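The values are calculated or read from the model by the stated rules, or taken from the named source; none is laboratory data. Since this is a predicted model, take the numbers as computed values, not measurements. So basically every Cβ, Gly included, is an ideal-geometry build from the backbone, and we count neighbours across all protein chains shown. Accessible surface is based on the protein model in full, side chains and every heavy atom, while ligands, DNA and RNA are left aside. Shrake-Rupley method; radii C 1.70, N 1.55, O 1.52, S 1.80 Å.
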Amino acid sequence: PPSLEVQGLAYAYPDGTQALYGVDVVIGRGERVALLGPNGAGKTTLVLHLNGILNGGLGTVRVGGLAVDPKDRKALREIRRRVGVVFQDPDDQLFMPTVREDVAFGPANLGLRGAELQSRVESALARVGMSEVADRPPQHLSFGQRRRVAVATVLAMEPEILVLDEPSSNLDPAGRRELAEILLSLDVTVLMVTHDLPYAAQLCPRSLILSGGVIVADGPTPDLLGDE
Ligand code: ADP
Ligand code: ADP
């Protein structure tokens, strides 16, 4: 099955604000897709539906073939593992005394122990180039390093799809380049919410443009962004 299938997703907030009007998206395994669109377009609302944080609207969301069903708590746990969200602010995601403990937290919560847990953690740290700082407190790292550790905490869950909210924000050119290289080296499906069009063009062969709660464009990023 595809990594993500969204069909007819419509959602209004409790105050009546209609944020999504019938969104359809299919993302195949291993694709890297940018989710673009102006403020208020519904990007955050869509992302919050992918792991069941928001629900109660119309339509269906499937992750690796498994439907997001807020009434099925076991399925929802599995969905939360499959949809790995990297928040815009890494400090919302890092709260343990050391980098290694932060990366171990999720898989330990899944019940992994011993050598299996350790290999998950070491491999996630290696994939983001953070093995060397594993024993340090996250607060002692640079912002760019903290963002990479936040990516590792999600990779350690072996997600079906990695969702990143504004991954290039607050990074200097070197930090942008390092993160881009890491994201390009992963074989995981990626959905990246961003306003950074050059970053989208560099990393994502395909883009979606959401506007007013509707997908208004879906195609190859160079076609959507034009040549300017
Ligand atoms: P984006 O992430 O693209 O900026 P959002 O998904 O945050 O867009 O918002 C989509 C629409 O839903 C906007 O009109 C926004 O004002 C509205 N909205 C977002 N969150 C809430 C909320 N908690 N309650 C009511 N309306 C909301
Ligand atoms: P982003 O730019 O990352 O999409 P937003 O500025 O759209 O973030 O929203 C930030 C937070 O404010 C979100 O948690 C969103 O749900 C909330 N929010 C946005 N619009 C509204 C609204 N009209 N009423 C209540 N909460 C809102």
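Every test in (1) open to solvent by 10 Å² or more (accessible area, probe 1.4 Å); (2) within 18 Å of residue 48 (Cβ to Cβ); (3) more than 14 Å from the chain's Cα centre (by Cα) is passed by residue 174 save one, and that test is (2). Checking region 30-41 against the condition returns a match, with at least one residue being surrounded by 15 or more Cβ atoms within 10 Å (Cβ to Cβ), more than 12 Å from ligand 2 (Cβ to nearest atom), within 25 Å of residue 216 (Cα to Cα) and acidic (Asp, Glu).
Evaluating residue 113 against the criteria (1) of a type outside the set (Ser, Thr, Tyr); (2) buried (at least 21 other Cβ atoms within 10 Å of the Cβ); (3) more than 22 Å from residue 3 (Cβ to Cβ) leaves one unmet condition, (2). Of all residues in region 42-64, exactly one satisfies the criterion of being more than 9 Å from ligand 1 (Cβ to nearest atom), within 15 Å of the chain's Cα centre (by Cα) and open to solvent by 20 Å² or more (accessible area, probe 1.4 Å), namely 53.
Quick one: would you say residue 22 is within 21 Å of residue 188 (Cα to Cα) and more than 12 Å from ligand 2 (Cβ to nearest atom)? It is false that residue 22 is within 21 Å of residue 188 (Cα to Cα) and more than 12 Å from ligand 2 (Cβ to nearest atom).
Taken across region 150-166, residues that are within 16 Å of ligand 2 (Cβ to nearest atom), open to solvent by 10 Å² or more (accessible area, probe 1.4 Å) and either modelled with pLDDT under 95 or not aromatic (Phe, Trp, Tyr) (or both) do occur, with at least one present. For region 84-93, the candidate set comprises residues that are surrounded by fewer than 18 Cβ atoms within 10 Å (Cβ to Cβ) and not in a loop (DSSP other than H, G, I, E, B); within that set, the residue that is farthest from the chain's Cα centre (by Cα) is 91.
Within region 66-83, can one find any residue that is under 24 Å from residue 169 (Cα atoms), open to solvent by less than 70 Å² (accessible area, probe 1.4 Å) and either modelled with pLDDT of 95 or more or in a strand (DSSP E or B) (or both)? Yes - at least one qualifying residue is present in region 66-83. Summed over region 8-39, residues that are more than 16 Å from ligand 1 (Cβ to nearest atom) and either in a loop (DSSP other than H, G, I, E, B) or under 19 Å from the mean Cα position of the chain (by Cα) (or both) total 8.
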